[in-house]
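Take a look at the structure set out below.
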Amino acid sequence: MAAHKKPGQWNKETIIIVGLMCVVFLWTLNRVELENKPQEETADKIEKTQDEAKQVVEKALVPLATGKEPIDKIFVQSGCAACHMIPGIRVAKDREGPKLELGTNARRRLADPNYHGNAKTEWEYVQESILNPGAYIVQGYPDRVMPRWYGQKLTAGALDKIITYLLKIEEVP
């Protein structure tokens, strides 16, 4: 017995095929619409992402000190006073690092056989100890406590002012 179809009536297979064709048509339409979307929207999204990244980078590049500040402020802003005892800087706490009497100690450390840096002068030694603190580790203090990023966070002016100040500090017996 063959089922008689009335005109305009669809069987299951026809409904499934038409449904699949609709899904494919809608998917294709969506893809075409996405491809033809104005480039401005995509450019705006990229620009926003770049702006956000730029803000992060700009914050990272902001120096801790410029060298125009008073010396005690440079030591505080740079974080030096949090770890070192620095004669003449009343807020310097002496928590993690050696006492900074480099007017005396710089020449001693340059002469120390354990010194493996490249400095030839006391000025170069102090600069190197700030920018490359692993070149010489003062006995009794751990390596890797002093930040390695001061070269990116201090201007040349701040670095010069720090070095000049530290080389004036002599050890008091």
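Since every read-out is calculated from the coordinates, none of them should be taken as a lab result. What you are looking at is a predicted structure, and each value in this text was computed from that prediction instead of being measured. With ideal geometry, Cβ positions are generated from the backbone for all residues, glycine too; neighbour counts draw on all protein chains shown.
Okay, here's what the table says:
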{"read-out": "Relative contact order %, the range 71-167, counting alpha carbon pairs below 8 Å whose residues are six or more apart", "value": "25"}
{"read-out": "Residue among Phe75, Gln127, Gly151 farthest towards the positive dipole end of the range 71-167, charges placed on Cβ", "value": "Phe75"}
{"read-out": "Least to most buried among Glu170, Glu128 (fewest other Cβ within 10 Å first)", "value": "Glu170, Glu128"}
{"read-out": "Which of His116, His84 has the fewest Cβ neighbours within 10 Å, and the rest in rising order", "value": "His116, His84"}
{"read-out": "Within the range 80-125, trypsin sites (Lys or Arg not before Pro) in DSSP loop having at most 10 other beta-carbon neighbours inside 10 Å", "value": "Arg90, Lys120"}
{"read-out": "Cut-off 11 Å between beta-carbons: net charge of the residues surrounding Ile86, Lys and Arg +1, Asp and Glu -1", "value": "0"}
{"read-out": "Residues with amide H under 5 Å from that of Ala65, placed H, sequence gap 5 or more", "value": "Thr155"}
{"read-out": "Total formal charge among the other residues, if their Cβ is under 11 angstrom from that of Val172, Lys/Arg +1 and Asp/Glu -1", "value": "-2"}
{"read-out": "Counting all C-alpha pairs of the range 71-167, share separated by more than 15 Å (%)", "value": "58"}
{"read-out": "Karplus-derived 3J(HN,Hα), 6.51/-1.76/1.60, for each residue of the range 144-149, Hz, glycine and proline x", "value": "6, 8, 5, x, 9, 9"}
